[in-house]
Amino acid sequence: MSVGDGVQRIEMIERETPVFGGAEFGAVGTYERLHGTVFGELDPTHHLNAGIVNLDRAPRNAHGNVEYQSDFRILKPLDLERGNGCLVYDVPNRGNQPIMPRLNGAPDGGHPPHAGNGFLMRRGFTLVWSGWQGDVPPGADRLPARFPTIPGVTGMVREEFIAEATGLLGDSNIHELSEKRFVGALVYPVADPVDATLTVRQREADPRVAPPGLAWHLVDDRHVEITRPTAPGFDHGAIFEFIYRARGPIVMGIGFAAIRDIVSFLRHATKDNPLAPQERPRIRHALGFGISQSGRVLRDLVHLGFNQDIAGRQVFDGILPVVAGSRRTCINWQFAQAGRYSRQHEDHSYGDDQFPFSYPTLNDPVSGRSGGILQRARDSGVCPKVLHLDTESDLWQARSSLVVTDTSGADIVMPDEVRVYTVSGVSHAPFRPLTKPVMQLPGNRLGYGAFMRALLVALFEWVEHGMAPPDSRFPSRAAGTLVPLAAARATFPRLPQVNFPNVLNELRLRDHSVEPPIESTAYPVFVQSTDVDGNALGGVRHPLLAAPLATHAGWSLRATGYGEGDLFTIQGSMIPFAATEAERERAGDPRPSLEARYASRDTWAARLAEATDRLVAERLLLAEDGDRLVEAARDSWDVYQAL
């Protein structure tokens, strides 16, 4: 590899052999864990790097290149010959590594490493993580990246704070001083406070105002202390917006090149490559895996042309973006805010969600542009296979209907390389099933881990053996399962003490040359229709929608005192059925009770087994996960954690 293009060297910091207490995973044997730092360089004049914002302004070394560092981890079979020859790059989410807890059921954190159910190890995958986000906060298990900043450059930056202490909104950047005051951490240092403004609004769609009592002052150039207004009408869900002139932008777009370069190095390099014993690379294929922020990174990486390495080779043979919706990222921007993502109430108008939304190349009459997520990769002959997985929540909060419809609202046909799936009845964040004062209803506990496992196996079989994956399973306009909000509201059952949303995360064309951005024409955004129980139709129906015990929704509404009536972040809701008909009648619940639906628990378990067996036959569940769900049903009605 020539000097200045990609990985220059790897510094190994730690090698744990074997890991997981020496556990053996069948024919694959034991695993080892590597930890270290990648030192890379980028040639700012190379056409595959030229799109990185501010790279041409970054400091250069003696070779005229821009240097960066990225910490990495690798979990690999001790004997790579016994592995399956496939590298899975798990895109870190805010520096964390989600694939082990979410697919293997391992505890969060990596000290000591835990194999969980061993799913990935039993199949012989080599797992790789590396830092790509240049503003990751410190943490024992996080993977940071160190990218250059651009001195002397300033620009207007917008920060939002919602000081409600739910633990879900990234409000670790907020420190409550009292009921009246809090301190917010700023992503970039303040260059000049003269231009700064602070406003508040109760809901996203409300006008920005500066009512009596609202005040701010800088604690230092990275922290602002905010005093809540004394004027009425602003509760704990109120949105505080601080706009200021910042300095020293990070060249965050290097993150895409850093992912590209380390994956390419591990696939092809013969020298100093831990996956090339005896200087012979052992990796045949590479898959990109990403959940939420990480899935959006994968979509943007392919869209921006980073699935082609400096030598012209394909980086990822396949990608599995999970719960990304139609969004991309705020990474390759001058003042990037990589952790932001749009929701109906929170961070609604950040720049992660403008056209293109879907994989085929389409014309957009709203923006006047043409494009598609796969266009550059196809033009360069490096188009990956794509399995795209969303949940019901992502139709409400991530506008995932725009993945399967054009910008006039009509169904579109996916390219041959793409399959899209929605898991109905499941929320974006089932791993944190909370009932908080901020939520009107209990949280939705259904998960989608088993569906991710099945699709990762299907993607591997598609790439390795040419075995076509399951057909797309997404609600559609033609089938009547993808409908406007008003139509969904009209068919949802009238349930006691339950409000149906009047809002969703709508989308408009935006001009981001100013802060706050100027919004104009609306795009059509749809949600799922529901059955008589209020459970979503279309897509991949979770077995507990085919044999239901409750209404499981992908939306959650904010309660009184927290922006009542707006959607609460990425949570869902659960509304249990009455146990008996007498209980149902007393409550005025139109949904049949459990007593009326099932003669016994065995009757219910048999229906659940039928639904599970169908999904296994369709390769949307693995047999081991289907067996686990059915076994759990034999022991308890409460099988929410089984998937």
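The values are calculated or read from the model by the stated rules, or taken from the named source; none is laboratory data. Since the structure is predicted, the reported quantities are computational estimates derived from the model, not experimental observations. Please note: Cβ atoms are built from the backbone with ideal geometry, for glycine as well, and neighbour counts cover all protein chains shown. The area values use the complete protein model at the heavy-atom level, side chains included, leaving out ligands, DNA and RNA. Shrake-Rupley method; radii C 1.70, N 1.55, O 1.52, S 1.80 Å.
Starting from 0.36 nm per residue, how many nanometres of slack lie between residue 363 and residue 479 once their C-alpha separation is accounted for?
Details: separation 116, 0.36 × 116 = 41.76 nm, distance 2.38 nm.
Between residue 363 and residue 479, full extension yields an extra 39.4 nm.
Take the Cα of residue 81, step 7 Å toward its Cβ, do the same at residue 457, and the gap between the two points is 2.8 nm.
Would you mind calculating the gained length between residue 230 and residue 618 on full extension (0.36 nm times residue separation, minus the Cα-Cα distance), in nm to one decimal? Between residue 230 and residue 618, full extension yields an extra 133.8 nm.
Cα gyration tensor of segment 449-502, axes a ≥ b ≥ c as square roots of the eigenvalues: rounded (a/c below 1.5), prolate (a/b > b/c) or oblate?
Details: a/c = 5.29, a/b = 2.45, b/c = 2.16.
Note, shape of segment 449-502 comes out prolate.
The accessible surface of the chain, taken with every protein chain in place and a 1.4 Å probe, is 51 percent carbon and sulfur.
I'd like the distance separating the alpha-carbon centroids of segment 421-496 and segment 313-336, in whole Å. Segment 421-496 and segment 313-336 have Cα centres separated by 20 Å. Each of residue 245 and residue 380 was given a label point 7 Å from its Cα along the Cα-to-Cβ line. The distance between the two points is 3.8 nm.
Cross-link partners of residue 271 among aspartates and glutamates, defined as those whose alpha carbon lies under 12 angstrom from its own and excluding same-chain residues fewer than eight positions apart: 279. If you sort the three axes of the alpha carbon gyration tensor as a ≥ b ≥ c, you get a/c of 1.5 or more for segment 517-643 and a/b no higher than b/c, which makes it oblate. Between residue 39 and residue 597, the modelled labels are 6.1 nm apart [label points 7 Å from Cα along Cα→Cβ]. When Rg and the Kirkwood radius Rh are both evaluated on Cα atoms of the chain, their ratio Rg/Rh stands at 0.96. Each principal axis of the Cα cloud of segment 234-377 was taken in turn, and the coordinate range along them, longest first, works out to 65, 36, 26 Å.
R0 = 25 Å: FRET efficiency of residue 195 with residue 522, Cβ-based, nearest 0.05? Once rounded, the FRET efficiency stands at 0.25. For the peptides 28-38, 596-606, the ranking by mean Cβ contacts within 10 Å, running from highest to lowest, is 28-38, 596-606. On the basis of the beta-carbon distance and an R0 of 56 Å, residue 24 and residue 61 show a calculated FRET efficiency of 0.80. Computed with a 1.4 Å probe over protein heavy atoms only, the accessible surface of the chain comes to 36 Å² per residue. Taking θ as phi - 60° and the Karplus parameters 6.51, -1.76 and 1.60, the scalar couplings of segment 418-425 work out to 10, 10, 10, 9, 10, 8, 7, x Hz in sequence order, x denoting glycine and proline. Measuring only protein heavy atoms, the 1.4 Å probe finds residue 461 accessible over about 50 Å². Subtracting the Cα-Cα distance of residue 50 and residue 140 from 0.36 nm times their residue separation leaves 29.0 nm of extension gain.
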